[in-house]
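One structure below.
The values are calculated or read from the model by the stated rules, or taken from the named source; none is laboratory data. Given the structure is predicted, the values throughout are model-derived calculations rather than measurements. Methodologically, a virtual Cβ is constructed for each residue, glycine included, from the backbone with ideal geometry; neighbour enumeration extends over all protein chains shown. Note: areas computed on protein heavy atoms with side chains; ligands, DNA, RNA excluded. Shrake-Rupley method; radii C 1.70, N 1.55, O 1.52, S 1.80 Å.
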Amino acid sequence: MHFNQSPVIPEKPLPIVIIGAGGIVRDAHLPAYAMAKFPVAGLYDISSGKAKSLAGSFAWVQGAFDSLDLIIRKAREVGAVFDLAVPAEQILEILPQLPDGSAVLIQKPMGENLKEASKIRDLCRKKSLVAAVNFQLRHAPFMLAAKDVIRQGLIGEVFDMEFKVCVYTPWELWEFLKNKPRLEILYHSIHYVDTIRDFLGNPAQVYANTIKHPNNSSLAATRSTIVMDYDHFKQARILTNHGHDYGSKQQESYLKIEGTQGAIKVQIGVSFDYPNGRPSTFEYYSKKAKEKGWQDVPLTGDWFPDAFIGPMATLQQHFKTPSAALPTAVEDAFQTMRLVEKLYESNAQAGLTFE
């Protein structure tokens, strides 16, 4: 059977200006925009040398700019969409400088905490920004395929979702995370929290515990257990351990979705041997299908870089046609941030003492 794995690409896409020239822009944003044939009118980074070097590596990028004012002026001239690919603490410094009414894609997370998320949301409202947050996992080819399997009724009503990650993550690749008070949930599992919300909506209650790893004690917590309850039958779980440094044999990175008539299993390849990764895989089981047993579905792309097409595509489509859906709009992303805050609140409430 055929399952959709691709976002809708807008006709005559608008040019993009990117603020920030870090590794995520090099490895995901620009490769994704090249695949989608999105024109990039320029790059800016606080380190002008970094922006010029990156622009030089992608010949179709129209150049680098030496100041934020200059790239904003360029965006005005060409009617560009802003791609704000900077660390969370810089978002509130840059947003006020963007022209009112602009379209802007904001890097996740939406601030370092709920207070900052509230300020970002309120600023977007005040400036009438058409703004979305780059929660790109929703748009990965295997996520779009899972939605299509569910939409076609092949696994019945979904009542269980589980993300499990047991890998070795080289946190040193992200220098800015070294002194962050919040790490695993805010910067990693937030993707899973947001994706579960996309499939199931907001939970009725949550439980969370996030804890440090003894071999990485200088960092904030890098292991998490999250339970999201919906009703007497429906639940989602996120289990992460980023310190499994004992070879790849027993490492795991998957999403499992169970329904009343079947199930979906996705092996999420990017987590293994990061940043090298391995190809993701997708299979499903349906009691309603003619084919018996688990069926493999070939994937047409992966989380990196393909998923990064979707957030920009949906933003541009909505900017041009306001009736078009904007799944990761700031208002919805704020709900993900609210849920993340609840998880940290749950973590702060110690469990019952066993005596």
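For HIS213, are the conditions met, namely being over 21 Å from PRO109 (Cα atoms), open to solvent by 40 Å² or more (accessible area, probe 1.4 Å) and not hydroxyl-bearing (Ser, Thr, Tyr)?
Here the answer is no, as HIS213 does not meet what is asked.
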Qualifying residue in the stretch 2-11 (condition: modelled with pLDDT under 95, within 22 Å of VAL78 (Cα to Cα) and surrounded by fewer than 18 Cβ atoms within 10 Å (Cβ to Cβ)): yes
List, please: which pairs have Cβ atoms under 7 Å, are six or more places apart or on different chains, and start with a residue in the stretch 272-288 that is under 13 Å from TYR254 (Cα atoms) and end with one that is open to solvent by 90 Å² or more (accessible area, probe 1.4 Å) and part of a strand (DSSP E or B)? GLU283/ASP296
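Answer yes or no as to whether LYS265 is more than 16 Å from the chain's Cα centre (by Cα), among the basic types (Lys, Arg) and in a loop (DSSP other than H, G, I, E, B).
Against the criterion (more than 16 Å from the chain's Cα centre (by Cα), among the basic types (Lys, Arg) and in a loop (DSSP other than H, G, I, E, B)), LYS265 does not qualify.
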Test set (1) in contact (Cβ under 8 Å) with a residue 12 or more places away in the chain; (2) more than 30 Å from PRO10 (Cβ to Cβ) - GLU355 fails condition number: (1)
Looking only at the stretch 330-355, which residues are of a type in the set (A, V, I, L, M, F, W, C) and touching a helix residue (DSSP H, G or I) at 6+ places or on another chain (Cβ under 8 Å)? VAL330, ALA333, PHE334, MET337, LEU339, VAL340, LEU343
In the set ARG73, ARG26, which member is assigned to a helix (DSSP H, G or I), out of contact with any His (no Cβ under 9 Å at 6 or more places or on another chain) and more than 23 Å from ASP302 (Cα to Cα)? ARG73
Among LEU186, LEU144, which is out of contact with any strand residue (DSSP E or B) (no Cβ under 9 Å at 6 or more places or on another chain), closer than 24 Å to ARG223 by Cα and not charged (D, E, K, R)? LEU186
Six or more apart or on different chains, Cβ under 7 Å: which pairs go from a residue in the stretch 210-224 that's among the basic types (Lys, Arg) to one that's assigned to a helix (DSSP H, G or I) and crowded, with 18+ Cβ neighbours inside 10 Å? Could you list them? ARG223/GLU184
